[in-house]
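In what follows, a single structure is set out as structure tokens and then discussed.
The values are calculated or read from the model by the stated rules, or taken from the named source; none is laboratory data. Here the structure is a predicted model, which is why all the values come from computation and not from measurement. FYI the Cβ positions are ideal-geometry reconstructions off the backbone, even for glycines, and counts take in every protein chain you see.
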Amino acid sequence: MFRLLQMLGVTPIMLGYGAGDLTQFVDLSRRYRPTVFYAMTAFLGAGLQDIERSMGVDMRDVFASYKGILFAGEPVGPRMRQTFERWGLAGKIFNQTSFGDLGHAHDCREHDGCHAWEDIGVAEIVDPENGLPIAGNRRGELVCSSLVNPLDPLLRYRGGDIVDLRRDTCECGRTHARFTPVGRSADEAVVHGRSILPMDVWGAIEDVPETSHGLFQIVRPQRLLDELKIRVGYAGTPELARLRERVADSVEAAVGIRPLIELVPNERRHAVGVAAQDSADGQAMSSAATDPRAPGELASRWAIGLLRLPSGCQPYTVSLRDIERDTAWAKSVFERSRPPQRRAAAPDRHRLRQRDSVAL
């Protein structure tokens, strides 16, 4: 990504998810006046809201130079969208999602769905239950077939994304199919015959002031449920019984089913929400101080603060400043795992690569 941006003539400013990175983002935005942010998340947006409230920062000034904010890896929630629009970014919020693992898909200036690049793959939708094709502009599970990968083509690949697919021509002029992600088949809960996805309750949870950060989880031990249970993060010190009723009222008005609400402080959701409470029974993970980077637990940790860790590990925050240290650690693990006869030859090959790179 870094080299691609440089080839495009763009100067990247790299930031992580560390405690001081958001204030640094504010300072760098005012100093250099960037034009694009990639990739925004609800977690970062909530942190910027906290800075706005606690430090009195004028976020309209911070984002004054930005021509686009790209949300990637997760859609932008209704309330978060309103917040960014209040900061002067109306019409400048874009979504990036997966085009069935063939590539990425983005919405355009019309903001009417993400464009599937059908010159690299064919898009269709099927019934997630029986796999039968669904015709027309409907909702279903996205299925993609690669057209340009001769080595490892994906043919009618089902990635589990539930989308609303449209095939009419977009107002921007593009004729390829476009789709709006609404959830994943693994996230769907069916309660008394009613399909419930996270997007169905997201706005209702954000509408309650104490839960406006939109941190929640549908507790789903299996797909078919007798009751809808939602674990929701809250801010402040509200009267929990009344808050529980107000959240339940808001969700019921949105989906027509009265949920059972479990309230959890936002701090706990931030710290262990993704990792510790991902199990079906909702039991918290052990907080034993075990190094999650022990051999055998190598994982991609690029500028991400909430990790999905195995039992017995504690969540921790990583920023881009950790990468050099982590790279040295990973290299040492790799070197220890190599056969002795190969380890001795490595320095000469490394020096040769250095000379080649200098010559180039």
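If you go through the stretch 148-202 and keep only what is of a type in the set (Gly, Ala, Ser), outside any strand (DSSP E or B) and either closer than 24 Å to TRP117 by Cβ or free of Cβ contacts under 8 Å to residues at least 24 places away in the same chain (or both), you end up with GLY173, ALA177, SER185, GLY193. Which of the residues that make up the stretch 73-89 are among the small types (Gly, Ala, Ser) and buried (at least 18 other Cβ atoms within 10 Å of the Cβ)? Hit for the stretch 73-89 is GLY77, nothing else. Taking (1) among the hydrophobic types (A, V, I, L, M, F, W, C); (2) in contact (Cβ under 8 Å) with a residue 60 or more places away in the chain; (3) more than 16 Å from TRP87 (Cα to Cα); (4) assigned to a helix (DSSP H, G or I) in turn, ALA46 satisfies each apart from (3). Annotation: of all residues in the stretch 27-43 being surrounded by 19 or more Cβ atoms within 10 Å (Cβ to Cβ) and either assigned to a helix (DSSP H, G or I) or outside the structural domain of VAL62 (by TED's automatic domain parsing) (or both), the one that is nearest to the chain's Cα centre (by Cα) is ALA42. Scanning the stretch 208-232 for residues that are among the aliphatic types (A, V, I, L, M) and under 22 Å from the mean Cα position of the chain (by Cα) gives LEU215, ILE218, VAL219, ILE230, VAL232. Of the set (1) modelled with pLDDT of 85 or more; (2) outside any strand (DSSP E or B), all apply to VAL76 but (1). Restricting the stretch 216-265 to residues that are touching a residue at least 60 places away in the same chain (Cβ under 8 Å) and not in a strand (DSSP E or B), the residue that is nearest to MET199 (Cα to Cα) is VAL255. Against the definition (at pLDDT 85 or above and not assigned by TED's automatic domain parsing to the domain that holds ASP164), how does ARG86 come out, yes or no? Considered against the rule, which asks whether it is at pLDDT 85 or above and not assigned by TED's automatic domain parsing to the domain that holds ASP164, ARG86 comes out as yes.
For the stretch 111-123, state whether one or more residues are over 19 Å from the mean Cα position of the chain (by Cα), loosely packed, with under 13 Cβ neighbours inside 10 Å and among the hydrophobic types (A, V, I, L, M, F, W, C). There is no residue in the stretch 111-123 that is over 19 Å from the mean Cα position of the chain (by Cα), loosely packed, with under 13 Cβ neighbours inside 10 Å and among the hydrophobic types (A, V, I, L, M, F, W, C). Being farther than 30 Å from ALA123 by Cβ, out of contact with any Ser or Thr (no Cβ under 9 Å at 6 or more places or on another chain) and not in a strand (DSSP E or B) holds for only one residue in GLY9, GLY91, GLY18, and it is GLY9.
If you go through the stretch 1-35 and pick out every residue that is within 19 Å of VAL76 (Cα to Cα) and in contact with a Leu (Cβ under 7 Å, 6 or more places away or on another chain), you end up with 1.
Taking the conditions exactly as written (within 18 Å of PRO259 (Cβ to Cβ), outside the structural domain of ALA72 (by TED's automatic domain parsing) and in contact with a strand residue (DSSP E or B) (Cβ under 6 Å, 6 or more places away or on another chain)), does ILE162 satisfy them or not? The answer is no for ILE162.
For ARG3, the stated conditions hold: it is part of a helix (DSSP H, G or I), free of Cβ contacts under 8 Å to residues at least 12 places away in the same chain and not polar (S, T, N, Q). Just so you know, in the stretch 126-142 the residues that are touching an Asp or Glu at 6+ places or on another chain (Cβ under 6 Å) and touching a residue at least 40 places away in the same chain (Cβ under 8 Å) include one that is surrounded by the most Cβ atoms within 10 Å (Cβ to Cβ), and it is LEU142. Taken over the stretch 143-163, the criterion of being of a type in the set (Val, Ile, Thr) and surrounded by 13 or more Cβ atoms within 10 Å (Cβ to Cβ) is satisfied by VAL143, ILE162, VAL163.
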